[in-house]
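Take a look at the structure below.
Nothing in this text is a laboratory measurement; each read-out follows from the coordinates by a stated rule. All values reported here derive from a predicted model rather than from experimental measurement. Neighbour counts are summed over all protein chains in view; Cβ atoms, including those assigned to glycine, are modelled from backbone coordinates with ideal geometry.
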């Protein structure tokens with residue numbers, strides 16, 4: 001075996017080993033275990049298909065999460081905009097504006113959303129996460145949570161006020 005084959009075998013093993021971490025990452029995004037498992041598995045498959053693109057500049061698990069996250073975002077965008085369709089790696093990379101090598105700072109993302117979760121009510125948190133973290137539009141949030149769009153706007157407004165009053169987010173929401 002050559003060094004390249006051993007490296008690819010090692011990276012492949014690390015990709016498979018990252019499945020629980022990738023699933024936990026998506027569970028935080030979706031709050032739905034089947035959806036999190038699907039997104040994680042899709043990312044694992046995409047990473048395996050594109051293993052030759054891994055350059056070793058980041059941890060394998062971080063690279064896999066980046067691949068999975070970009071694929072998941074592309075899926076969300078294709079559902080909200082029927083003109084966007086995944087047609088292959090080249091189009092995927094062009095639409096997403098980059099490469100698979102980008103590094104996501106997971107620690108800071110997790111801590112910010114955990115802080116939001118401790119400050120807001122459960123209903124406010126669900127709307128804030130869907131809109132700000134997941135990037136859904138008001139209409140999409142309403143459909144996703146099965147609530148009226150007016151409730152989405154009201155919960156976002158009250159959440160902004162509550163966050164503005166909190167010491168941790170006062171600067172971000174001081175204009176509210």
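In terms of packing, defined here as the mean over residues of other Cβ atoms within 10 angstrom, the peptides 47-55, 25-33, 60-68 line up highest first as 60-68, 25-33, 47-55. What FRET efficiency comes out for residue 138 versus residue 19 if R0 is 35 angstrom and r is the Cβ-Cβ distance? Round to the nearest 0.05. E(calc), rounded to 0.05, equals 0.55. Between residue 51 and residue 147, residue separation times 0.36 nm minus the direct Cα-Cα distance comes to 30.4 nm. Here the simple spin-label model places points 7 Å from the Cα toward Cβ, and for residue 73 and residue 164 these points are separated by 2.9 nm.
Structural descriptor for segment 1-68: relative contact order 38 percent, calculated from alpha carbon pairs under 8 angstrom and at least 6 residues apart.
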